[in-house]
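Step one of this worksheet: look at the structure below.
The values are calculated or read from the model by the stated rules, or taken from the named source; none is laboratory data. Just so it is clear, the structure is predicted and the values come from calculations on it, not from any experiment. No Cβ is skipped: glycine too gets one built from the backbone with ideal geometry, and neighbour counts run over all protein chains shown. Accessible surface is based on the protein model in full, side chains and every heavy atom, while ligands, DNA and RNA are left aside. Shrake-Rupley method; radii C 1.70, N 1.55, O 1.52, S 1.80 Å.
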Amino acid sequence: MAIRNYIPLELDNIPELFEFDFDDDRSFLFGINYAESQDLFSVDLYNIEGEPIVLGERLVLNERLWADIIDDRLPSVDLVPLDESGKETKITKDNFTKTVFLYFDDLAPEMELPALDNEVSVI
């Protein structure tokens, strides 16, 4: 069960462009793409009128989208591709939307992630 909220995506629908409300009652057009030759995913972000804000932002595991871009048109929320279990080392077609999701990094800084150290396996 995910701790953070994430953008629900289906691998079979990629490439996909859809309207999404991130924050502040602002809507965006959000596109997700896949380049099979490089096994990488990227994101395109447009304002609601279809004007590009950022194109081809590569998804990198555990790295916030648009971290190196300063633009007031960007959503104020942090989006980060993560595997909350911490087992994955990169994003691939085999793990994206299965163990790796595009999460809203909205946990309070003092919140501890649950440890699985005491989990009991029942077989």
The lone condition Ile70 fails out of (1) at pLDDT below 95; (2) within 17 Å of Leu9 (Cα to Cα) is (2)
The residue from Glu57, Glu112 that alone is modelled with pLDDT under 95, out of contact with any helix residue (DSSP H, G or I) (no Cβ under 6 Å at 6 or more places or on another chain) and of a type in the set (D, E, K, R) is Glu112
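Going by the structure shown, is Asn47 more than 15 Å from the chain's Cα centre (by Cα) and either farther than 15 Å from Asp105 by Cα or free of Cβ contacts under 8 Å to residues at least 24 places away in the same chain (or both)?
yes
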Quiz item: Does Lys87 fit the bill of being touching a residue at least 12 places away in the same chain (Cβ under 8 Å), assigned to a loop (DSSP other than H, G, I, E, B) and exposed (fewer than 12 other Cβ atoms within 10 Å of the Cβ)?
Solution: yes
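Being crowded, with 17+ Cβ neighbours inside 10 Å and either of a type outside the set (A, V, I, L, M, F, W, C) or at pLDDT below 95 (or both): is that true of Thr97 here?
Working: crowded, with 17+ Cβ neighbours inside 10 Å: yes; either of a type outside the set (A, V, I, L, M, F, W, C) or at pLDDT below 95 (or both): yes.
Yes; evaluated as a whole, the condition is true for this residue.
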Filtering segment 1-60 down to residues that are small (Gly, Ala, Ser), open to solvent by 30 Å² or more (accessible area, probe 1.4 Å), closer than 23 Å to Asp94 by Cβ and part of a strand (DSSP E or B) yields Ala35, Gly56
